[in-house]
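Single-structure report; data block below.
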Amino acid sequence: KLAYNPKLGSLSKVKEGYPVDGWPIIVGISTLLKQFHPSYAKSFMAYVGQFVRVSVQAYTGISQGKNENVTRLAGELIKNSMVLVEQFCDISGLARSAFFEHVPQYLIEMCSNLP
């Protein structure tokens, strides 16, 4: 439903009729998590980090195959997840380095260069 838009530098709706953009969702997640103990935000970061690590592992397995469409979709999924985390850290006031506890920095830099 959402995809990274390089012109806007954020997640935006894919279909014109979809009523939500990326920033309101991220602000909503941040607002919701700020109402609870800070450990919930750390758990959220841990779950997203686990998702990114598993997706990268699957992406490397898929990219060695012949199906370019699946490889492209997996790359977009990883990139969208990375943008979500980056914007979540901006909105929440967390240091971006907080995500490095869950995903190594070199992996984040590698994922930012995905097509």
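The values are calculated or read from the model by the stated rules, or taken from the named source; none is laboratory data. As the structure is a prediction and not an experimental result, all values here were calculated from the model. Don't worry about glycine lacking a Cβ; one is built from the backbone with ideal geometry, like all the others, and counts go over all protein chains shown. Calculation scope for accessible area: heavy atoms of the full protein, side chains included, ligands and nucleic acids excluded. Shrake-Rupley method; radii C 1.70, N 1.55, O 1.52, S 1.80 Å.
Tabulated values for the structure
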| item | result |
| --- | --- |
| Residue-averaged 222 nm ellipticity for the chain, from DSSP H runs of 4+ at -39500 (n - 2.57), nearest 500 | -21000 deg cm²/dmol |
| Shape category assigned to segment 1-58 from the gyration tensor of Cα positions, a/c cut at 1.5 | oblate |
| Accessible heavy-atom area order of V103, V70, highest first, probe of 1.4 Å | V70, V103 |
| Accessible area of D21 in the full protein assembly, 1.4 Å probe (Å², nearest 10) | 60 |
| Fluctuation leader among Q35, Q87, Q105 - the chain, Gaussian network, Cα springs under 10 angstrom | Q35 |
| Surface accessible to a 1.4 Å probe, L2 within the full protein complex, Å² | 50 |
| The chain - percent of accessible surface contributed by carbon and sulfur, probe 1.4 Å | 59 |
| Hz values of 3J(HN,Hα) by residue in segment 95-110 - Karplus curve (6.51, -1.76, 1.60), Gly and Pro given as x | 5, 4, 5, 5, 6, 5, 5, 10, 9, x, 4, 5, 5, 5, 5, 5 |
| Under 28 Å from the Cα of K34 - lysines, other chains or at least 8 residues apart | K1, K13, K42, K79 |
| When the convex hull of its Cα atoms is projected in every direction, mean area for the chain (nm²) | 7.5 |
| Förster-model FRET efficiency, 35 Å R0, F36 and A58, C-beta, rounded to 0.05 | 0.70 |
| Whole-number percent relative contact order across the chain, with pairs defined as alpha carbons under 8 Å at least 6 apart | 29 |
| Extension reserve of the V14-S43 stretch, reckoned as 0.36 nm per residue once the Cα distance is removed | 7.6 nm |
| Solvent-accessible area per residue for segment 30-97 (1.4 angstrom probe, square angstrom) | 63 |
| The chain, dipole about Cα centre (Lys/Arg Cβ +1, Asp/Glu Cβ -1), debye to the nearest 20 | 160 |
